[in-house]
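Peer 1: Mind looking over this structure? Questions follow.
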Amino acid sequence: MQNNQTRYIIARHGETYSNLNRCWQGMGDSPLTERGKKEAESLAERLKNYKISKIITSKLARSVETGKIISERLRVKEVLSSDQLNERNLGILEGYTTQEIREKFGIEFTTITSRDIDRLEGVEAWKPFVRRVFAYLEYVKNENNPGTVLFVTHGGVMRCVFNTLTNTYEQKVLFNNCSYLVLHPEKGNCLIDSVNTMNHMEV
């Protein structure tokens, strides 16, 4: 990549205790497990050749902790956070497993991209969620600072970006903990350069 070019890497946080217990987190939070911390270290190793100039996390602790581990490993000094990168708010569904949601609410909820939950109490509707995420990417792009920016985010944010850019709204793409997308921002759009959904702990 030439020095005057911009590249975005959008990564998911490391494993949390809620992930381990298969609970939907949304805006709720849960600390990283020991495995999650090791995943973050492994991701940093995988990304070291990208020469990251800035890291931006969400405001949620699991994202911040993952970003901190990566910044320390790669010695990235500029680390910011934004609530526009937060996971989709799942309202009354947060903290429950898929089975518990089925039993308690009578809803078949298996993917965070679902529009069927839009009208439930406290849930952030899908389209406003997409607008929120892309508004922030556009904001960063308009700063016009060349280099590689790492966004440490969430599975829903990654699916939002991937599904929107590929027009595959119904495709259920599984982004494992610390998986990542590489994007090249272009005028009016972003181009997906590569998709890495593998678990770095098993490589």
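Peer 1: Greater than 18 Å separation of Cα atoms is the criterion. Which listed pairs, 48/77; 54/141; 51/77; 48/68; 37/141; 37/68, meet it?
Peer 2: 37/141
Peer 1: Express as a percent, rounded to the nearest 5, the fraction of DSSP beta bridges in the chain (both residues included) that run antiparallel.
Peer 2: Antiparallel bridges make up about 50 percent of those DSSP assigns within the chain.
Peer 1: How much net charge surrounds residue 86 when only other residues with a Cβ under 12 Å from its Cβ are counted (Lys, Arg +1; Asp, Glu -1)?
Peer 2: With Lys, Arg at +1 and Asp, Glu at -1, the neighbours total 0.
Peer 1: Residue farthest toward the positive end of the dipole of region 6-202, with Cβ of Lys/Arg at +1 and Asp/Glu at -1: which of 142, 40, 24?
Peer 2: 142
Peer 1: In Å and from the alpha-carbon atoms only, list the Rg and Dmax of region 1-71.
Peer 2: 13.4, 44
Peer 1: Still on this model: Mind sorting 111, 16, 166 by how few other Cβ atoms lie within 10 Å of their own Cβ, fewest first?
Peer 2: 166, 111, 16
Peer 1: What nm distance separates the two modelled labels at residue 72 and residue 34, each placed 7 Å from Cα along Cα→Cβ?
Peer 2: The modelled label-to-label distance comes out at 1.6 nm.
Peer 1: Quickly work out the residue 192-to-residue 100 label distance, labels modelled 7 Å from Cα along the C-beta direction, and quote it in nm with one decimal.
Peer 2: 3.2
Peer 1: To continue, here is another question. Which helices, counted as full DSSP H runs in the chain, have an axial Cα extent of no less than 15 Å and a Kyte-Doolittle average of 0.0 or above?
Peer 2: 155-166
Peer 1: Can you tell me the Rg and Dmax of the chain, counting just the alpha carbons, in angstroms?
Peer 2: So, for the chain, Rg and Dmax equal 16.3, 54 Å respectively.
Here, each number is a calculation from the coordinates, and none is a lab measurement. Computed from a prediction, not measured in an experiment: that's the story for all the values here. Cβ coordinates were reconstructed from backbone atoms using ideal geometry, including for glycine residues, and neighbour counts include every protein chain displayed.
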